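None of the figures in this text is laboratory data; all of them are computed from the coordinates on show. Only a predicted model underlies this, so the values are computations on that prediction, with no experimental measurement involved. When we count neighbours, we look across all protein chains shown, and the Cβ atoms used for this are built from the backbone with ideal geometry, even at glycine.
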Amino acid sequence: MKIAAALPLLFAVALTAQTVPAAAPQPEEPVGYTDTPMLPGLPWHVHDPNRPHPPIVTPTPTPGGAPSDAIVLFNGHDLSHWHSRNGTEAPAWKLTDDYLEVVPGVGDIATNEKFGDVQLHVEWASPTPPTSNSQGRGNSGIFLMGRYEIQVLDSFSNPTYADGQASAIYGQWPPLVNPIHHPGEWNSYDILFEAPRMNGDKVLRPAYVTVLFNGVLVQNHRAILGPTVHHALAHYVAQPAEDSLVLQNHGHAVRYRNIWIRKLPAQEEPKE
């Protein structure tokens, strides 16, 4: 094509490009409404733009990892968040290869910090090869507020009383199912715990717990009857609003790793 012949075509294309109308600005979507009904017992409309937003929490890319607002109680390297339950000295449990192992005869360990309502993640493994049976096999426990035990036990092909097997609320509620791994393999608990509301020794609302065992729901918002006990019926007594998390030393070399906890804020409740 000759240059002279091409110039009118190029000019026409350029003119057409210049005359294409710009896209009309899109209206912004509303960020809320104030002409909607009021939520019962709350000072907010449905979709209220002035209702406070929750804080941002960064999740971990690793399954079972701690989110950004969690307190990492044990990262595999130190026990600075823990003390011996019998005193203020450092725990005498064995720290090796990124896990913590019970040393028989040296007592339970407790967190320095105290907690009420929490989300808790714990990974644990029973000794292998297994020895003994029933409660004599891979026994330990996770005591919320130092009082409410979620049982740790090697329950793989190991009959025992139902309210004493792994993930039971000890002495009260068996788990819905038993999703335990083989002895020596790592198990995980994800626990949502609501502390009891007390007025002295009067129970205003019992403690509640939800437990996922290896990702499987085993306790579904269960009401706890009181601090867990052996060979007796639980009942509530006066207690503080927060207390330490405790790992039990039952004389078996149970291992723990990747322990983190989140303090849960109070949920907004409607006024009666």
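Per-structure values
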| item | result |
| --- | --- |
| Gaussian network model of the chain, springs between alpha carbon atoms under 10 Å - residue of Gly76, Gly164, Gly116 with greatest fluctuation | Gly76 |
| Within a Gaussian network of the chain (alpha carbon springs, distance under 10 Å), most fluctuating of Asp190, Asp97, Asp69 | Asp97 |
| Loop-resident sites, segment 59-155, for GluC sites (Glu not before Pro), counting at most 10 other Cβ within 10 Å (DSSP) | Glu89 |
| Alpha-carbon Rg/Rh ratio, for segment 86-211, with Rh computed the Kirkwood way | 0.97 |
| Trypsin sites (Lys or Arg not before Pro) within segment 211-272: DSSP coil, no more than 13 neighbouring Cβ in 10 Å | Lys271 |
| GNM top mover of Ala241, Ala24, Ala90 - the chain, alpha-carbon springs below 10 Å | Ala24 |
| Dipole axis of the chain (+1 Lys, Arg; -1 Asp, Glu on Cβ), positive-most option in Gly64, Asn50, Ile109 | Gly64 |
| Contact order relative to length of segment 71-263, as percent, for alpha carbon pairs under 8 angstrom and 6 or more apart | 32 |
| Alpha carbon centroid spacing (whole Å) that separates segment 131-194 from segment 208-272 | 13 |
| Radius, Kirkwood style, for the chain when every pair of distinct Cα atoms is counted (Å) | 22.1 |
| Over the chain: helical MRE at 222 nm, DSSP H runs n ≥ 4 each giving -39500 (n - 2.57), nearest 500 | -2000 deg cm²/dmol |
| Inter-label distance, nm, simple model (7 Å from Cα along the C-beta direction), Ala234/Leu217 | 2.0 |
| Acute angle (nearest 10 degrees) that the helix 3-19 long axis makes with the longest principal axis of the chain, alpha-carbon atoms | 60 |
| Lys, Arg +1 and Asp, Glu -1 on Cβ, resulting dipole of segment 71-263 about Cα centre, debye, nearest 20 | 400 |
| Around His83: net Lys/Arg minus Asp/Glu count, Cβ-Cβ under 11 Å | -2 |
